Amino acid sequence: MGQKNRFVAMDAASPHVNFEVNSLKWTEKQKMFIEEALDKETKIVICEAPPGVGKTILSLYCSLTLLSERKVDQVMYIRNPVESSEDKLGYLKGGFEEKMAPFDAPMVDNLSKLLAVEDNRKLARESQIDSMPLGYLKGRTFDNIALIIDEAEDLSHQQTLLALTRLGKGGKIFLIGDSKQSNVKRSGFARAKEMFDDDIAEEKGIVTLEFVPEEIMRHDLTQFIYNRYTKD
């Protein structure tokens, strides 16, 4: 994505692509997520959710909506490129784009549901949609950018702190994940949700949301399998 201007934040002089975001058939809980996320007072959304509830597509939908309304200049998708703790692919051949492609796949899949093909291409060409590995965040400040930190359960405590402190003026952060699917020894995601799940944090613009297995939408079997695997 966005090879022309990789990792360079957009500025006011950058051309703005006009496009429409497809609205899907949202559940009541998903509508609540959207309402909270698009509230102008909300600066950071921390969402804990099992697989299949739509946390990635919801974050993309909200970010693209902000982009289409020119409330942000860019949507940046962030992943910590870690593999399963049990299975390793080893060295990946190819350039940067090829190495990151497996980690960008959730964004690519969901963009195809939310945008027309040509709009998707235009936004990528103008770097108004881009992606970045977590390690590249250090030292950066993201003004007027919607940051989506996906699979946040794979962040350590220090990496979570790094991600949450990148917010610049006019920006918004989505920190989304599932603590029960972490591939790192000490995930900082659940700790972050617990730390900011209070009225004081909410007054500062940090909103915490949680979906439960009963709200899984992917497939009837997904909820059943997830419940069996995570049963105490």
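Taking Ala192 as the residue in question, decide whether it is under 20 Å from Asp154 (Cα atoms) and part of a helix (DSSP H, G or I). Considered against the rule, which asks whether it is under 20 Å from Asp154 (Cα atoms) and part of a helix (DSSP H, G or I), Ala192 comes out as yes. If I filter the range 105-122 down to residues being touching an Asp or Glu at 6+ places or on another chain (Cβ under 9 Å) and modelled with pLDDT under 95, which single residue comes out as least open to solvent (accessible area, probe 1.4 Å)? Only one residue tops the list, namely Met107.
Only one of the numbered conditions (1) modelled with pLDDT under 90; (2) in a helix (DSSP H, G or I) is not met by Phe7, and that is (2).
Taken together, the criteria exclude Val21 from residues that are surrounded by 12 or more Cβ atoms within 10 Å (Cβ to Cβ) and either at pLDDT below 65 or in contact with a strand residue (DSSP E or B) (Cβ under 9 Å, 6 or more places away or on another chain) (or both). Only residues that are over 17 Å from Glu153 (Cα atoms) and buried (at least 17 other Cβ atoms within 10 Å of the Cβ) were counted across the range 218-232, and they come to 1. All told, Val45 falls short of being part of a loop (DSSP other than H, G, I, E, B), under 14 Å from the mean Cα position of the chain (by Cα) and in contact (Cβ under 8 Å) with a residue 60 or more places away in the chain.
Look at (1) open to solvent by less than 10 Å² (accessible area, probe 1.4 Å); (2) assigned to a helix (DSSP H, G or I); (3) more than 30 Å from Pro213 (Cβ to Cβ); (4) among the small types (Gly, Ala, Ser) and you find that Ser127 fails only one, number (2). When Ser84, Ser59 are screened for being at pLDDT below 95 and small (Gly, Ala, Ser), only Ser84 passes. Between Ala146, Ala201, which is modelled with pLDDT of 95 or more and either in a loop (DSSP other than H, G, I, E, B) or crowded, with 17+ Cβ neighbours inside 10 Å (or both)? Criteria check complete, one pass: Ala146.
The values are calculated or read from the model by the stated rules, or taken from the named source; none is laboratory data. Keep in mind the model is a prediction, meaning the values are calculated, not measured. For neighbour counting, all protein chains shown are included, and Cβ atoms are generated from backbone atoms with ideal geometry for every residue, glycine included. In case anyone asks, the SASA skips ligands and DNA or RNA and just uses the protein heavy atoms, side chains included. Shrake-Rupley method; radii C 1.70, N 1.55, O 1.52, S 1.80 Å.
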